[in-house]
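Here's the structure we're looking at; comments come further down.
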Amino acid sequence: MAEQTVKKVVIAGGGTSGWCTAAALSHQLGSLVDITLIESEEIGTVGVGEATFPTILAFHKILGLDEREFLGVTRGSIKLGILFDNWARLGDRYIHSFGVIGKGTWLGDFHHLWLAAQAAGFGDEIGDYCFEHKAARERKFFTSPESRINYAYHFDATLYARYLRARSEAKGVKRVEGKIGKVVQHPESGFIEAVIMESGQRVEGDLFIDCTGFRGLLIEQTLMPATTTGRNGCATTARWRCRPTIHSTTSRRTRARLRTRPGGSGKFRCSTGRAPGTSTRAPIPTTKKPARC
Ligand SMILES: Cc1cc2nc3c(=O)[nH]c(=O)nc-3n(C[C@H](O)[C@H](O)[C@H](O)COP(=O)(O)OP(=O)(O)OC[C@H]3O[C@@H](n4cnc5c(N)ncnc54)[C@H](O)[C@@H]3O)c2cc1C
């Protein structure tokens, strides 16, 4: 069976999700795909301070970002964990550090050993067994290319999107300014074929990625109005819907099931409640259930 090759990618939305997606695709795929990002200055972005987890280091490594430059441009700072004030009770403070606490043995994980030590009347505070925890408490930080310290960043989301936009455009991503007024679907399969801007411009694509934030313009408003009863908690992350190809590795039973679905090759919903790139892939439910993270 002939495979559908994605040549033209359209990213709807230019907030943190949109420009992260554009930066990753343009960096990884280069001229193999033609990428267009649509955003509206009139609508704007959420654009608040973005607190991140250490996984962002891996993302930046993929993009080949220079940490010093990134921190300067986005007015970012480094964090070794998250401090929760008044956590268990008023006056209580708890640091969820990004480091590993202690070292487990074949006897069990470290916290079991620590609890046993506490019961026996010795052992320090549990955070003392974590390098990042101690460093955070003492407000110390150092890193180098060889460092294995677990950390993350806090930065200005608007500046971050602007920074990734400059990098993406340098790699050939085209930006279309304006509001999407209409989404065009294939009359039989329901797949998105194009979006029409309020200006009348038609933007066609093989793969559409929904990064329109809380609006969920392509997924919730267009593709899933019947299966979604309202906004869910994962509304602001990137989601996409694509035409799947039935690969030869797909089992015969699954292939037969896909072919019997409307549109011939079957519909799949690809969505994520985490971050661009970490997706779960599941058939569209036939019963009308609310979407879940
Ligand atoms: C107070 C607050 C604090 C937060 N703190 C954190 C945090 O610490 N850490 C964290 O990870 N997240 C945090 N978040 C969430 C985070 O800010 C958002 O998840 C993220 O910035 C949203 O980015 P986005 O790209 O998905 O959406 P948005 O920033 O909303 O971008 C949507 C894009 O879609 C475009 N668009 C929408 N409709 C159309 C249309 N019809 N035509 C054309 N373009 C359109 C808009 O122009 C915009 O470019 C916080 C959110 C808030 C409100």
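Table for the structure above
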read-out: Any chance Phe155 is touching a Cys at 6+ places or on another chain (Cβ under 9 Å) and within 28 Å of Thr16 (Cβ to Cβ); value: no
read-out: Residue that is touching a helix residue (DSSP H, G or I) at 6+ places or on another chain (Cβ under 9 Å) and over 30 Å from Lys182 (Cβ atoms), where the choices are Leu83, Leu71; value: Leu83
read-out: Strands (runs of 3 or more DSSP E) fully within region 32-126 counting 3 or more residues that are away from the ligand (no atom under 16 Å from the Cβ) and outside the structural domain of Gly13 (by TED's automatic domain parsing); value: 93-97
read-out: Pick from region 209-226, criterion among the small types (Gly, Ala, Ser) and under 23 Å from the mean Cα position of the chain (by Cα), ranking: nearest to the ligand (Cβ to nearest atom); value: Gly213
read-out: Tally, over region 7-31, of residues that are assigned to a loop (DSSP other than H, G, I, E, B) and surrounded by 16 or more Cβ atoms within 10 Å (Cβ to Cβ); value: 3
read-out: Matching entry among Phe59, Phe70 (being among the aromatic types (Phe, Trp, Tyr) and more than 30 Å from Gln221 (Cα to Cα)); value: Phe70
read-out: Subset of region 27-58 (residues that are in contact (Cβ under 8 Å) with a residue 60 or more places away in the chain and within 29 Å of Ile149 (Cα to Cα)); value: His27, Gly47, Val48, Gly49, Glu50, Ala51, Thr52, Phe53, Pro54, Thr55, Ile56, Leu57
read-out: Pairs with Cβ under 9 Å, 6+ apart, first in region 161-173 and away from the ligand (no atom under 16 Å from the Cβ), second among the acidic types (Asp, Glu); value: Gly172/Asp34
read-out: Restricting region 40-53 to residues that are surrounded by 17 or more Cβ atoms within 10 Å (Cβ to Cβ) and under 18 Å from the mean Cα position of the chain (by Cα), the residue that is nearest to Ile180 (Cα to Cα); value: Thr45
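Conditions tested, residue by residue: (1) over 30 Å from Glu69 (Cα atoms); (2) more than 25 Å from the chain's Cα centre (by Cα).
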site	(1), (2)
Gly123	yes, yes
Phe141	no, yes
Ala194	yes, no
Ser199	yes, yes
Leu207	yes, no
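The values are calculated or read from the model by the stated rules, or taken from the named source; none is laboratory data. Since the model is a prediction, treat every value here as computed from it, not as a measurement. Methodologically, a virtual Cβ is constructed for each residue, glycine included, from the backbone with ideal geometry; neighbour enumeration extends over all protein chains shown.
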